[in-house]
Amino acid sequence: MDAIINLLNDKNFHLQKFLQLNEHELLNFSDGNFDNLEVFYQSRETILDLIRCIDRLIETASVAHAEPGKISAQHKQQMIRAMAVKNDTVTQILAQDLQILAVIEQEKSDIIKELRTVQTGKKVVGAYKSGDAPNKLDEEA
């Protein structure tokens with residue numbers, strides 16, 4: 001049972017790392033700094049892979065200790081605490097993910113608006129350049 005509790009605590013440790021990673025990048029994204037976006041997503045995926053691995057280990061260990069009636073009250077309390085920490089952390093991560101998505105969507109909208117402005121500007125400049133300049137040269141000749 002101690003092995004399962006240790007695995008639950010390891011999972012919580014990695015979830016906290018995930019939370020901290022989100023916090024740090026959310027600050028960068030809020031400042032308009034998206035330079036580490038690819039590294040950010042790779043880091044998140046690495047942490048999620050570790051968590052999936054820990055989940056498999058927990059499942060394997062729980063099958064080995066499949067007698068719930070023989071779990072001590074102390075172990076139950078430790079497991080309940082670890083799962084409560086996990087639930088709180090996951091809730092915070094979900095809230096952060098919504099904030100991250102909102103910041104990314106806003107930046108994407110700003111970029112699209114800027115591209116439209118540039119396209120409109122190019123059309124205006126193109127129309128200005130394609131005026132009757134060749135005709136004036138012919139008249140002068």
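All of the numbers you see were taken from the coordinates with simple rules; none came from a lab. Quick caveat, the model's predicted, so the values are computed rather than measured. Methodologically, a virtual Cβ is constructed for each residue, glycine included, from the backbone with ideal geometry; neighbour enumeration extends over all protein chains shown.
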### Query
Arranged by the count of other C-beta atoms within 10 angstrom, fewest first, what order do Ser43, Ser72, Ser30 take?
Ser72, Ser30, Ser43
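What FRET efficiency comes out for Glu107 versus Asp49 if R0 is 30 angstrom and r is the Cβ-Cβ distance? Round to the nearest 0.05. Display every interim value, and only then the final one.
Details: r = 27 Å, r/R0 = 0.91.
E between Glu107 and Asp49, to the nearest 0.05, is 0.65.
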### Query
Viscosity 0.890 mPa s, temperature 25 °C: Stokes-Einstein D of the chain from its Kirkwood Cα radius, in µm² per second?
125
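To the nearest 20 Debye, how big is the dipole of the chain about its Cα centre, given +1 on the beta carbon of each Lys and Arg and -1 on that of each Asp and Glu?
On the way: 16 positive and 22 negative charges, 124 e Å.
Charge dipole, the chain, about its Cα centre: 600 debye, nearest 20.
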### Task
Could you grab the relative contact order for the chain? Cα pairs under 8 Å, six or more apart, rounded to a whole percent.
42
### Query
Contour minus end-to-end for Ala64 and Leu98, with contour as 0.36 nm per residue of separation and end-to-end as the Cα-Cα distance?
8.4 nm
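Starting from the Cα-Cα distance between Asn9 and Lys123, subtract it from 0.36 nm times their residue separation and give me the gain in nm to one decimal. If you can, show how the numbers build up before the last one.
Details: separation 114, 0.36 × 114 = 41.04 nm, distance 6.00 nm.
Net length gain for the segment: 35.0 nm.
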### Query
Considering the zone a paramagnetic label at Glu114 would reach in this model (a point 7 Å from Cα along the Cα-to-Cβ line), which residues of the range 18-41 have amide N under 18 Å from it?
28-38
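Considering only lysines 8 or more places apart in sequence, or on different chains, count the pairs in the range 2-103 whose C-alpha atoms sit under 22 Å apart.
On the way: Lys11/Lys76; Lys11/Lys86; Lys17/Lys86; Lys76/Lys86.
Going through the range 2-103 pair by pair, I get 4.
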